[in-house]
Amino acid sequence: PLPEEAYSVLRDIFGLSDFRPNQARIIQNVLAGAPTLAVMPTGAGKSLTYQLPALLLPQATVVVSPLIALMKDQLDGLPEQARAHATLINSSLSPAELGARLRGVAAGQYRLVYIAPERLRQRAFLHALKRCGVSRFVVDEVHCLSLWGLSFRPDYLFIGRALEELGRPPVLALTATASAETQAEIRAALGE
């Protein structure tokens, strides 16, 4: 069962009365630090499975997302109380804004940090993450790292190396669809 504070956050911050099917089980895994691959259809509430735990965990939850528009939608869709603890880091930022956000990340100012996968190749970014500490590492649209997937993104191949560098924080991998081959490839790239 989930801790009572998870239900409080669900009600008080997200304004929801109950979890959808499988959300509670995934959130339980995330809070327990169990590596998890969740295949949930679009609209089933994947985002809540990391957004809610992020507000309960002591350090940042990093969310790798393939599209700037998707990150912006995620951020804009957060309740105001949660949005205050979230940021995104991608190529749309000016150098000054990027620097300010990296300093904020390093200082532990954020609970949710949305990033584009190419950031994981940048030493300064990984260094900022190491300084603040990463509670959980979320890979959204994880099928993008599979050669079997329709939208293969080479930048996703750096995720495994970044996880090593960050001391292997627990991973939550999310996708709406993943064939058996794709799931096997995800496990090979990210670990069990």
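Just to check I understand the Karplus step: with θ = phi - 60° and J = 6.51 cos²θ - 1.76 cosθ + 1.60, what whole-Hz values come out for the stretch 117-134, glycine and proline as x?
My calculation for the stretch 117-134 gives x, 5, 4, 5, 8, 9, 4, 4, 5, 4, 5, 4, 5, 4, 5, 7, x, 10 Hz in order.
What percent does the relative contact order of the stretch 63-185 come to when contacts are Cα pairs within less than 8 Å and at least six residues apart? Walk me through the intermediate numbers first.
Numbers: 162 pairs, mean separation 32.8, N = 123.
For the stretch 63-185, the relative contact order is 27 percent.
Over the stretch 1-83, one equal point on each Cα, no solvent: what is log10 I(q)/I(0) by the Debye formula at q = 0.16, 0.21, 0.25, 0.26 Å⁻¹?
Values, matching the q order: -0.61, -1.12, -1.59, -1.68.
Apply the Karplus curve 6.51 cos²θ - 1.76 cosθ + 1.60, θ = phi - 60°, to the phi angles in the stretch 156-173 and return the couplings in whole Hz, x for Gly and Pro.
5, 5, 7, 4, x, 5, 4, 4, 4, 4, 8, x, 6, x, x, 10, 10, 9
Give me the 1.4 Å probe accessible area per residue for the chain, excluding ligands and nucleic acids, in Å². If you can, show how the numbers build up before the last one.
Details: 9110 Å² over 192 residues.
Value returned for the chain: 47 Å² of accessible area per residue.
L88's amide H: which non-local residues (gap 5+, or another chain) put their own amide H closer than 5 Å, with H modeled 1.01 Å from N in plane and none for Pro or chain starts?
For L88, whose amide H was placed from the backbone, the distant partners under 5 Å are Y114.
In nm, to one decimal, how far is the E164 label point from the H85 one, both placed 7 Å along Cα→Cβ?
3.2
Viscosity 1.567 mPa s, temperature 4 °C: Stokes-Einstein D of the chain from its Kirkwood Cα radius, in µm² per second? List each step's numbers first, then the result.
Working: Rh = 16.7 Å.
It diffuses with D of about 78 µm²/s by this estimate.
Show me the ranking of peptides 128-134, 40-46 by mean Cβ neighbours inside 10 Å, starting with the highest. Before the final figure, lay out the partial values.
Working: 128-134: 18.0, 40-46: 14.3.
Top of the packing list down: 128-134, 40-46.
Using a 10 Å cut-off on Cβ atoms, rank the peptides 112-119, 96-103, 170-177, 29-36 from the highest mean neighbour count down.
Values: 112-119: 22.2, 96-103: 14.2, 170-177: 20.6, 29-36: 17.0.
Going from most to least packed, we get 112-119, 170-177, 29-36, 96-103.
Rounded to the nearest 500, what is the chain's calculated 222 nm mean residue ellipticity when only DSSP H runs of at least 4 contribute -39500 (n - 2.57) each, over all residues? Display every interim value, and only then the final one.
Values: 9 runs with 82 residues, N = 192.
Rounded to the nearest 500, the figure is -12000 deg cm²/dmol.
The values are calculated or read from the model by the stated rules, or taken from the named source; none is laboratory data. Because the structure is a prediction, the values reported are computed rather than measured. Here Cβ is always computed from backbone atoms with ideal geometry, including for glycine, and neighbour counts include all displayed protein chains. Note: areas computed on protein heavy atoms with side chains; ligands, DNA, RNA excluded. Shrake-Rupley method; radii C 1.70, N 1.55, O 1.52, S 1.80 Å.
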